[in-house]
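These notes are about the structure you will find just below.
The values are calculated or read from the model by the stated rules, or taken from the named source; none is laboratory data. The shown structure was predicted, so the numbers you read here are calculated from the model rather than taken from an experiment. Reconstructed Cβ throughout: ideal geometry from the backbone, glycine too, with neighbour counts over all protein chains shown. Accessible surface is based on the protein model in full, side chains and every heavy atom, while ligands, DNA and RNA are left aside. Shrake-Rupley method; radii C 1.70, N 1.55, O 1.52, S 1.80 Å.
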Amino acid sequence: MRIILLGAPGSGKGTQAKMLVEKYHVPQISTGDLLRAAVAANTPLGQQAKAVMDSGQLVSDELVLGIIRERLNEDDAKNGFILDGFPRNQAQAEALDALLNELTWPIDAAIAIHVDNDDLVQRITGRRSCKDCGQVYNIFTTPPKVENVCDKCGGELVHRADDIEETIRKRLGVYVEQTSPLLAYYQQQAKLHEIEGTGEINDIFAKICAVIDTK
Ligand code: AMP
């Protein structure tokens, strides 16, 4: 199964992707996570990406496509994958199609998760994630049992540098301008499925699984 999760920052893509990994045993490929790992490791790529990420803009297509090509070459991607946060604009979507056509690995579905803007801002400002395993919490709605400690692995919970209100508004603007046109792109390919992303996490998960299970 090869799935794209589309949705604004804070729509729950990462949370749902992690649940899908457990159920379907295919990797989550998050360009945001890969970029943050490069920033944390202070690699040349990370140094290039950091300021752009902190400002809420998109890093260059060239850089992101390089990361994706490399990641899709790894063995675990052969059985399928869940793309989370990629593609983010038309050029990336077209480059992905070209790459996957070459591999004869077409995308099965693009699943768009819809959440209102005000909810998104509250979700993102409350978001904390484990710096070791990536598990995501929200201090308002889904807090960890012990403050700042991951329930799953005991790792420290951190607040992302770009999860502050001013940057969030910018990221939401970038989503509307650059990423949301991809809904029409996948609609034209008859691959788009739209899901309401508010309510219980498990109910949203069930709706996503229902789409995947028809594929
Ligand atoms: P995310 O964790 O998906 O919200 O991504 C965090 C930040 O990483 C974004 O605001 C961008 O600066 C950068 N980023 C992640 N994925 C992409 C992408 N596909 N294209 C360009 N920039 C990206």
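List the chymotrypsin sites (Phe, Trp or Tyr not before Pro) in the stretch 47-147 that DSSP assigns to loop (not H, G, I, E or B) and whose Cβ has at most 14 other Cβ atoms within 10 Å. Which are they? Let's see the in-between values first.
Numbers: sites: PHE81, TYR137, PHE140; in loops: PHE140.
The qualifying sites are PHE140.
Between MET1 and ALA206, the modelled labels are 1.6 nm apart [label points 7 Å from Cα along Cα→Cβ].
Near the amide H of GLU194, within less than 5 Å, lie the amide hydrogens of ALA112, all on another chain or at least 5 residues away, with H placed in the peptide plane. Beyond 28 Å between alpha-carbons counts as too far, so tell me which of LYS78/LYS170; LYS50/LYS191; LYS13/LYS191 fall in that bin. Pairs exceeding 28 Å: LYS78/LYS170; LYS50/LYS191.
For the chain, with all protein chains in place and a probe radius of 1.4 Å, 50% of the accessible heavy-atom surface sits on carbon or sulfur. Using the Karplus relation 6.51 cos²θ - 1.76 cosθ + 1.60 with θ = phi - 60°, the per-residue 3J(HN,Hα) values for the stretch 141-153 come to 10, 9, x, x, 5, 10, 3, 6, 10, 5, 4, 7, 10 Hz, with x marking Gly and Pro. Each residue, ARG69 and ASP108, gets one label point 7 Å from its Cα in the Cβ direction; the gap between the two is 2.7 nm.
The residue among GLN187, LEU99, MET19 whose Cα reaches farthest toward the positive pole of the charge dipole of the chain, with charges on the beta-carbon of Lys, Arg, Asp and Glu, is MET19.
Mind ordering 166-178, 94-106 by average Cβ neighbours within 10 Å, highest first?
By packing density, highest mean first, the sequence is 166-178, 94-106.
Taking amide hydrogens as placed 1.01 Å from N in the peptide plane, the amide H of ASP132 sits under 5 Å from those of GLU156, each at least 5 positions away in sequence or on another chain. Distance between the 7 Å Cα→Cβ label points at ASN117 and GLU177: 1.4 nm. Membrane-span-like helices in the chain, defined here as complete DSSP H runs extending at least 15 Å along the helix axis by their C-alpha atoms with mean Kyte-Doolittle hydropathy no lower than 1.0, are 201-213; this is a sequence and geometry rule, not a statement about a membrane.
Bridging of LYS145 to lysines at a Cα separation below 18 Å is possible for LYS131, once same-chain residues fewer than 8 apart are set aside.
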